[in-house]
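Below you'll find the structure, written out as structure tokens, and then a few comments.
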Amino acid sequence: MHHVPNDLRAKKSVDSITKGLESCLQEKPLDQIKVKDLCERCGVSRATFYRLFDSIIDVFSYECDAIRDATMEIIRNNFFQDQTDIARRCEKLWVRHEVLMKALVDFNLIGVLYDSHMRHKDELKELYSTYYEDETQFQCFVSLLVSFIYVALTVYFAHEGKLEDNDVFLMVYKHTSKILETWKKAMPNTVENSSLPEK
């Protein structure tokens, strides 16, 4: 876990650690980077690092939390014009730390994304109006949401970030909608009569 207090000094240390990790990742893969290497690169002591993070993976967790919060803020306050605009904004947020997100994909750290969202499940339930009484159903919802993000990032990096701005998230959204439409046509009774939660 990360333990980052809401003060300027801690934020500066986190920023240095994040930049140091990005620098290390440009030279060697994640599984070869040690806390000692990271601290030497960013000029932060091991004591400071462990005061903020339990492990290097927790740096990814912290960044995913920050991006998730920013994404939820956009949706909650309607800071977008249409589907294309929200796709563009979400993509920019998730690739803001492109080196970190590429490592997340390369090392299959989808669990970090999942845990990040589950830590704030009450906010997600309210934001997406998902009032599941059964926790398993909500876990399924979060898994689908996280998979959407992970697939978009995977496609983005498979094309080395050369796709047009907003193409990836919008592409995944359109394909997901197409799949759901096809399922609804193939199983109309099952889909329409299923007991989905209502707000």
Fill in: Size of electric dipole in region 1-55: Cβ of Lys, Arg +1 and of Asp, Glu -1, about Cα centre, debye, nearest 20
200
Worksheet item: Excluding same-chain residues fewer than 8 positions from Lys102, which lysines have a Cα within less than 26 Å of its Cα?
Response: Lys11, Lys12, Lys19, Lys28, Lys34, Lys36, Lys92, Lys121, Lys162, Lys174
Practice prompt. Determine the relative contact order of region 1-55: mean sequence separation of Cα pairs under 8 Å and six or more apart, normalised by residue count, in whole percent.
Written response: 48
Worksheet item: region 40-136: which GluC sites (Glu not before Pro) are DSSP loop and have at most 12 other beta-carbon atoms within 10 angstrom?
Response: Glu133
Worksheet entry | Helical mean residue ellipticity (222 nm; -39500 (n - 2.57) per DSSP H run of 4+; nearest 500) of the chain | -22000 deg cm²/dmol
Worksheet entry | Cys140, Cys64, Cys24 arranged by Cβ crowding within 10 Å, fewest neighbours leading | Cys140, Cys24, Cys64
Worksheet, complete the sentence: Between Phe53 and residues 5 or more places away or on another chain, the pairs with built amide H atoms under 5 Å apart involve His3
Worksheet item: In debye to the nearest 20, how big a dipole does region 57-192 give about its Cα centre with +1 on each Lys and Arg Cβ and -1 on each Asp and Glu Cβ?
Response: 360
Practice prompt. Report the dimensions of the chain along its three principal axes from the alpha-carbon atoms, largest first, rounded to Å.
Written response: 60, 37, 31
Worksheet, complete the sentence: For the chain, the charge dipole (Cβ of Lys, Arg +1; Cβ of Asp, Glu -1; about the Cα centre) points to a positive end, and the Cα of Met171, Ala10, Asn77 closest to that extreme belongs to Ala10
Discussion item. Explain nothing, just the number: relative contact order of the chain, from Cα pairs under 8 Å at least 6 residues apart, as a whole percent.
Written reply: 21
Practice prompt. Positive end of the charge dipole of region 57-192 (Lys, Arg +1 and Asp, Glu -1 on Cβ, about the Cα centre): tell me which of Met187, Ser147, Val95 has its Cα farthest that way.
Written response: Met187
Item to complete: Please report, in whole Å, how far the alpha carbons of region 75-152 spread along each principal axis, starting with the longest.
Response: 38, 34, 17
Response to the item:
Per the 1/(1 + (r/R0)^6) rule, R0 = 25 Å and r from the Cβ atoms of Ser177 and Arg119, FRET efficiency to 0.05 is 0.35
Worksheet, complete the sentence: Mean separation of Cα contacts under 8 Å (at least 6 apart) over the residue count of region 1-97, i.e. the relative contact order in percent, is 29
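Which order results if Leu100, Leu8 are arranged by neighbouring Cβ count within 10 Å, fewest first?
Ascending number of Cβ neighbours within 10 Å: Leu8, Leu100.
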Worksheet item: Any idea how far the Cα center of region 1-58 sits from the one of region 104-128, in Å?
Response: 21
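Bear in mind that the values in this text are calculations on the coordinates, not laboratory data. Bear in mind the structure is a predicted one, so any value in this text is a computation, not a measurement. Heads up, the Cβs are rebuilt from the backbone with ideal geometry, glycines too, and the neighbour counts pull from every protein chain shown.
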